[in-house]
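Visitor: Sharing a structure with you now.
The values are calculated or read from the model by the stated rules, or taken from the named source; none is laboratory data. Remember, predicted model here, so these are calculated numbers, not experimental data. Cβ placement follows ideal geometry from the backbone for every residue including glycine, while neighbour counts extend to all protein chains displayed.
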Amino acid sequence: MRLLKKLGLAVLLMGALALPVWAYEGAPGLATGDLTPARRWDILWDHVLVDLWVIGVIFGLAALYMLIKYKAKNPTDVGTATKLNKAQAVAWALIPVAVFVADDFYLAAQGWTLWGIYRRVPENALEIKAIGHQWYWEFDYGNGVVTQELKVPQGRPIVLRMHSEDVVHDFSLPKFRVKEDVMPGRITYVWFMPDTVMDTIVTCTMYCGVAHSQMYGKVSVVPPEQYTSWLESAVKAAADQQTTKVKG
Amino acid sequence: MTAHSTTAHGTPIEHQGHGHHWETSIAPFAVVFGVFFLLPLTFSMHFVYHNTILTAVFAGIGLPLILFGVAKWIDEGLTQKPLVAGLAGVGMPIFIVSEIFIFLSFFATYWMVRLSTYSWPPEHTPEMPVLLPLFMTFLLITSSVTVHIAEEKLEHGDLAAFRKWLVITVLFGLAFLSCTTFEYHHLLEHDFLPSTNAFSMIFFSITGFHASHVFLGLSIFIAILLPALGGRVNKTFVLCGSIYWHFVDVVWIFVVSQIYFW
Amino acid sequence: MSDAHHGFNLREWIFTTDHKRIGILYLIGALSAFAIAGTFAIMIRMQQYGPGMQVFDSGSGYNTALYFHGAAMILVFLIPALTGFFANYFLPLMIGAKDVAFPRINAFSVWLFYAAIILALVSLVIPDPPDVMWTGYPPYSVTTEGNTAFYVFTVHLLGFSSILGAINFLVTVIYMRAPGMGWNQLNMFVWTILAAFILQLIFIPVLASAVTMLLFDKYLGTHFFDPAMGGDVLLYQNLFWFYSHPAVYVILLPAIGILFDVIATMGKNRIFNYKVCVYAGIGGVLALAGEVWIHHLYVAGVPDWIRVGMMITTLLISVPIGLMLMSLWGTLYKASITFNVAMHYASACLFLLLIGGLTGIPLAMTVMTANLGQTSFVHAHFHFVMALFSTFAIISGIYYWFPKMTGRLAEGKLAVVAFWFNIIGVNITFWPLFIIGVQGMPRRYFSYEQFPQFAPYHHVATYGSFLVALGMVLTLINWIKSAFWGVKSEANPWHSKSLEWTHTPNPPGPGNFPHDVTVSADWTPYDYVK
Ligand code: HEA
Ligand code: HEA
Ligand code: CUA
Ligand SMILES: [Cu+2]
């Protein structure tokens, strides 16, 4: 009988230890296909929420139940829990550990997959320079065009190469679920996929002084044709300005 | 909140074994506020507010307070018995763990800065001396030996020899600090200031921080020496001083190898 | 409060080297910091009520308020309350010691703490107050007009105070336990505070050197954080978080320790799986605490391999903490719980810890931070785990040991009413912040005209904070009232088995124990179950 108990425990433990491996193998990654990173972020967020709610509800209900159930009937009563024997103690450690590790690996694998997508810039991405200042954003399209509003064509990945002229800022585009710090002395990047025509904002999320919360700018996603014509006229305007400057 | 000293049943504390009164000491209070005036306030008055008068006033309040507090503290340490004797000999190594991490942070900074640049040393760095650091190493290592001898002598109850070797140690330490002063003077003359370049900021912060430790070690020795002249010695205190000194010595080896000879 | 032999003697309090009185001094300082920083919190909430100016007439006033709120709450309230007050008052009593190993150094620590409070308060009335937030990132902290020096020195004073405290208590626990007391007979609180001190000892020096470099950069013209001159902006952030992440466990662990002591005593139960909780739980947190700091730099442009590596270590922290939770929950199993006020707060803490801890998990995932980082989701996360869980654990502990310190009880209707204000108020305050955080409400914004859609949530949060303020003020009134006029308590009101209740009077006199304490090999502080 004791042998059987021990054997049973051993099997249980081995099963528990296999759990992390299974979780890792079983991490499906995210459905592939043409989803934008922002959309994938939302899907993963739903997964994570479910995960956390399950853990939270289990622990929460257990606490609630025990707090009610084990209310003292009589002020002189004492608790009746018995001391765990060695096997129980070990099992009560290893099994939860395996479950927790499994969950952590699952989340890590999912997060890692998507992070890979976040960092791998698509080859056809349009590159624009973003510069942080106290307290405004500047966008440099190359060929002399510098604006304070970010205008991008719909349907093409955008990669921003970023740095700051003064203190640390943080380029945050909540609509596209991206953000990355912008600092002097280093160049950082983010990329995002503007899939629909819209107006949204970029805002600074790293404390940078008194007007930190005013450091936001307009971001507009426009149809590609409109973008091209805008850029053409902007280039011309920039060139004109350059010549007047030289003349003057 | 309460100065109550009776039990729940109202028995006065006097009937209760150990400890009949609340222990007090003015020393810690004096040292803290001495430090408060001498460091944050004096520094701010000078570097932030550029106010010479207040700088002098605050330093003038801070320094005597510290000296008074330390003297009082040492006096109490020599006359009062601790609850458990000898624990300071354990406390010091634990403190040194902390110290190691301060030095490590500065060294890590150094490595990070140095390994991320292409050319080292950066522009405007004058020729660094080679012989001087070796000589300083010699001074410090010798002083570690002499303080060890002093301890041996104390162990054998030879107070006079203990004092003699301690004085020798202090002299070596002072010689070391003189070398530092000499070197700093020389470098400053060549316009090598803490703000000059990436090497200067690291050079001055690490060697300066180490020198401040030498200074502290020497202060401990002098604090041991003065009462020892009157025949009062606390062996645990001596042990702490010498552990600290050996530590300062070991750190110097790292400073020399990393800063001067790499 | 009068005493037959000598009444209140101010000199004896200021120059005291007695651990209990030093503890009380810590408590007074920490609670004052809480009250002031809490008052600032209410002003912050009123400012964020809607977009545009509400109570401050400029962003800089708000920034100083927020700087003071964050820095004071963490550095001057939570850490000193736990490692200063609770450790001082109760640790020597729990292990049967007459005092700490170095009583004068202990007095030194508490006055350093007060010096820091003075400096922090002075920094509010000087012309250019610090406005660098509690994190003090350069280059901003170097280029700002604000007085960064006072920030640095506040950190120095507190840091030195904590390091000395750590040495003191480590030596005390190792060498001054009552004869016969083995390592597996320590109170959970003693274990957790010990772990906290180990973290303080190792990591504070790193913070101290980081802010020292800040000071040099700003006032001596060095270039540690100036990339144009060979420095590095990220260096500071790395050093800062190398300390400040472990610091959250300096806050978490002792708070859990208090919870264990309250729950085991009020439930008259043994600690579930004690050894696993201590060696794997606390030990695991210690082992991992120093390997996760990059999770505060996930979007700071550090190399990708380190972001992914520390995502895994950060997630794995949930394992040892999960083990501690198993023991905490297990201690309820088959208990026999009496609900005094301390137990009310302890019960609430279980849920606050769950919410706060679990919301750390998405933040731990690098990619999730690309949207959640630096938003009010982070606020809500750490307010739940720190401002609510740890603070409620402190309140719980104060109620639990109130009779020990004053000889009087602080129970009663007022305490319970205040409890309900607090627990309802905090949930109303911080849940809306989770919601708007996910939608992109950034941190440290005194105004948000670009996000008008968040105003209704901010309204709710602000009203919630008024409830908390009411609850906290009532709690404070209750404590003051009870300390002087409360019902006299019996010697061991909760029928505890722990030494601080069984072997000393309320409050203990000089020397703590009327008779020398020894314990037998089968004694434990949670020895209820027959
Ligand atoms: C007491 C304080 C405290 C504590 C204990 C924690 C605990 C944790 N914190 Fe938190 N945190 C802060 C205080 C704290 N934090 C503060 C102050 C900040 C902001 C600083 C600033 O920028 O100003 C912050 C910010 C912060 C960030 C950075 C966000 C950002 O700035 O973008 C991250 C990211 O990883 C994070 C993660 C975590 C994690 C994973 C834990 C874990 O330790 C939590 C572990 C606990 C649990 C998970 C719950 C219990 C366990 C179980 C029920 C077992 C099963 C669970 C699983 C298997 C998942 N925290
Ligand atoms: C222990 C830590 C702690 C605690 C307890 C609190 C408590 C509270 N915090 Fe705080 N908070 C932080 C730590 C803490 N906070 C930190 C670290 C930050 C980040 C700072 C940064 O970004 O740098 C932060 C930031 C922060 C913000 C973000 C602002 C922004 O980013 O722009 C907000 C906004 O809602 C907030 C609100 C509150 C509220 C409403 C409470 C309430 O729970 C407070 C309740 C308490 C009281 C109301 C005091 C009671 C008063 C008395 C007992 C006496 C009465 C006195 C008189 C009448 C004089 N906090
Ligand atoms: Cu730029 Cu905040
Ligand atoms: Cu952290």
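Visitor: Taking segment B:135-165 as the search range and keeping residues that are in contact (Cβ under 8 Å) with a residue 40 or more places away in the chain and hydroxyl-bearing (S, T, Y), which one is surrounded by the most Cβ atoms within 10 Å (Cβ to Cβ)?
Guide: B:S143
Visitor: Scan segment C:350-364 residue by residue and report those that are facing chain A (nearest Cβ under 10 Å) and either away from ligand 2 (no atom under 16 Å from the Cβ) or within 17 Å of C:G257 (Cα to Cα) (or both).
Guide: C:L350, C:F351, C:L353, C:L354, C:G357, C:L358, C:I361, C:P362, C:A364, listed by residue number.
Visitor: Tally up the residues in segment C:288-308 that are away from ligand 4 (no atom under 11 Å from the Cβ) and either farther than 15 Å from C:F242 by Cβ or facing another protein chain (nearest Cβ under 10 Å) (or both), please.
Guide: 9
Visitor: Just need a number here: residues in segment A:194-213 that are within 16 Å of ligand 3 (Cβ to nearest atom) and either farther than 24 Å from C:P138 by Cα or surrounded by fewer than 17 Cβ atoms within 10 Å (Cβ to Cβ) (or both).
Guide: 2
Visitor: When you scan segment C:95-198 for helices (runs of 4 or more DSSP H) that lie fully inside it, which ones turn up with 1 or more residues that are within 16 Å of ligand 3 (Cβ to nearest atom)?
Guide: Working: elements: C:103-125, C:140-143, C:148-175.
Because the criterion is at least 1 residues that are within 16 Å of ligand 3 (Cβ to nearest atom), the helices (runs of 4 or more DSSP H) in segment C:95-198 that meet it are C:140-143.
Visitor: Starting from residues that are under 29 Å from C:P507 (Cα atoms) and touching a strand residue (DSSP E or B) at 6+ places or on another chain (Cβ under 9 Å), keep the ones in segment C:404-441 and report whichever is farthest from ligand 3 (Cβ to nearest atom).
Guide: Across segment C:404-441, the extreme among qualifying residues is C:G407.
Visitor: Given the conditions (1) surrounded by 14 or more Cβ atoms within 10 Å (Cβ to Cβ); (2) facing chain C (nearest Cβ under 10 Å), and given that B:L132 satisfies all but one, which numbered condition is not satisfied?
Guide: (2)
Visitor: Looking at (1) more than 19 Å from B:T146 (Cα to Cα); (2) touching a residue at least 60 places away in the same chain (Cβ under 8 Å); (3) away from every other protein chain (no Cβ under 14 Å); (4) assigned to a helix (DSSP H, G or I), can you tell me which one B:G231 breaks?
Guide: (4)
Visitor: So, one more: Output the number of the condition that C:P303 fails; it satisfies all remaining conditions of (1) within 16 Å of ligand 3 (Cβ to nearest atom); (2) more than 25 Å from the chain's Cα centre (by Cα).
Guide: Condition (1) is where C:P303 drops out.
Visitor: Got a sec? Which of C:L75, C:L66, C:L25 is in contact (Cβ under 8 Å) with a residue 12 or more places away in the chain, within 16 Å of ligand 3 (Cβ to nearest atom), out of contact with any Asp or Glu (no Cβ under 8 Å at 6 or more places or on another chain) and outside any loop (DSSP other than H, G, I, E, B)?
Guide: C:L66
Visitor: Mind listing whichever residues of segment C:204-230 are in contact (Cβ under 8 Å) with a residue 12 or more places away in the chain and within 14 Å of chain A (Cβ to nearest Cβ)?
Guide: Correct list: C:L214, C:D217, C:K218, C:F224, C:F225, C:D226.
Visitor: Moving on. Do any residues in segment A:206-222 that are more than 7 Å from chain C (Cβ to nearest Cβ) and over 26 Å from C:D128 (Cβ atoms) have Cβ atoms under 9 Å from those of residues that are within 16 Å of ligand 1 (Cβ to nearest atom) and among the β-branched types (V, I, T), where the two are at least six apart or on different chains, and which pairs are they?
Guide: Once the first residue is more than 7 Å from chain C (Cβ to nearest Cβ) and over 26 Å from C:D128 (Cβ atoms) and sits in segment A:206-222, its partners that are within 16 Å of ligand 1 (Cβ to nearest atom) and among the β-branched types (V, I, T) give A:G217/A:T203.
Visitor: When you check C:V76 against the structure, is it surrounded by fewer than 23 Cβ atoms within 10 Å (Cβ to Cβ) and in contact with a helix residue (DSSP H, G or I) (Cβ under 9 Å, 6 or more places away or on another chain), yes or no?
Guide: Here the answer is no, as C:V76 does not meet what is asked.
Visitor: Give segment C:20-48 a look and list any residue that's surrounded by fewer than 18 Cβ atoms within 10 Å (Cβ to Cβ) and of a type in the set (S, T, Y), or say none.
Guide: If the condition is that a residue be surrounded by fewer than 18 Cβ atoms within 10 Å (Cβ to Cβ) and of a type in the set (S, T, Y), then C:S32, C:T39 are the ones that fit.
Visitor: From C:A415, C:A410, grab the single residue that is outside any helix (DSSP H, G or I), aliphatic (A, V, I, L, M) and away from ligand 4 (no atom under 16 Å from the Cβ).
Guide: Values: C:A415 fails: outside any helix (DSSP H, G or I).
C:A410 is the lone residue from the list that is outside any helix (DSSP H, G or I), aliphatic (A, V, I, L, M) and away from ligand 4 (no atom under 16 Å from the Cβ).
Visitor: With the requirement that a residue be more than 14 Å from ligand 3 (Cβ to nearest atom), part of a strand (DSSP E or B) and among the β-branched types (V, I, T), what does segment A:153-187 give you?
Guide: A:I158, A:V159, A:V178
Visitor: Tally up the residues in segment B:76-99 that are in a helix (DSSP H, G or I), more than 8 Å from chain C (Cβ to nearest Cβ) and free of Cβ contacts under 8 Å to residues at least 40 places away in the same chain, please.
Guide: Qualifying residue count for the region: 1.
Visitor: When you scan segment C:363-395, how many residues do you find that are within 16 Å of ligand 3 (Cβ to nearest atom), of a type outside the set (S, T, N, Q) and buried (at least 24 other Cβ atoms within 10 Å of the Cβ)?
Guide: Residues flagged as within 16 Å of ligand 3 (Cβ to nearest atom), of a type outside the set (S, T, N, Q) and buried (at least 24 other Cβ atoms within 10 Å of the Cβ) within segment C:363-395 amount to 1.
Visitor: On to the next question. Give just the number: which of (1) within 10 Å of another protein chain (Cβ to nearest Cβ); (2) closer than 30 Å to A:I201 by Cα; (3) crowded, with 20+ Cβ neighbours inside 10 Å does C:H458 not satisfy?
Guide: It fails just one condition, (1).
Visitor: Out of the residues in segment C:499-527 that are buried (at least 22 other Cβ atoms within 10 Å of the Cβ) and more than 14 Å from chain B (Cβ to nearest Cβ), which is nearest to C:T16 (Cα to Cα)?
Guide: The selected residue is C:L499.
Visitor: Can you tell me which residue is farthest from the other protein chains (Cβ to nearest Cβ) among those in segment C:309-343 that are among the small types (G, A, S) and in a helix (DSSP H, G or I)?
Guide: Ranking the qualifying residues of segment C:309-343, first place goes to C:A342.
Visitor: Identify the residue in segment C:257-299 that is crowded, with 24+ Cβ neighbours inside 10 Å and farther than 30 Å from C:L186 by Cβ and, among all such residues, is nearest to ligand 3 (Cβ to nearest atom).
Guide: Checking each candidate, the answer is C:V299.
Visitor: Select from segment B:181-207 the residues that are surrounded by fewer than 18 Cβ atoms within 10 Å (Cβ to Cβ), under 24 Å from B:F247 (Cβ atoms) and among the polar types (S, T, N, Q) and list them in ascending order.
Guide: B:T181
Visitor: Looking at A:V90, A:V21, A:V97, A:V78, which is the one that is farther than 30 Å from C:T331 by Cβ, over 24 Å from the mean Cα position of the chain (by Cα) and either at pLDDT 95 or above or among the β-branched types (V, I, T) (or both)? Spell out how you get there, then give the answer.
Guide: On the way: A:V90 fails: farther than 30 Å from C:T331 by Cβ; A:V97 fails: farther than 30 Å from C:T331 by Cβ; A:V78 fails: farther than 30 Å from C:T331 by Cβ.
Among A:V90, A:V21, A:V97, A:V78, only A:V21 is farther than 30 Å from C:T331 by Cβ, over 24 Å from the mean Cα position of the chain (by Cα) and either at pLDDT 95 or above or among the β-branched types (V, I, T) (or both).
Visitor: Right, next: Can you tell me how many residues within segment A:170-222 are more than 16 Å from ligand 1 (Cβ to nearest atom) and farther than 25 Å from A:R120 by Cβ?
Guide: 15
Visitor: Which of the residues spanning segment C:390-405 are more than 16 Å from ligand 1 (Cβ to nearest atom) and over 17 Å from C:K20 (Cβ atoms)?
Guide: Scanning segment C:390-405 gives a single hit, C:Y399.
Visitor: Based on this model, can you work out whether C:S347 counts as without any contact (Cβ under 8 Å) to a residue 12 or more places away in the chain, more than 16 Å from ligand 3 (Cβ to nearest atom) and either of a type outside the set (D, E, K, R) or in contact with a strand residue (DSSP E or B) (Cβ under 9 Å, 6 or more places away or on another chain) (or both)?
Guide: Answer is yes for this residue.
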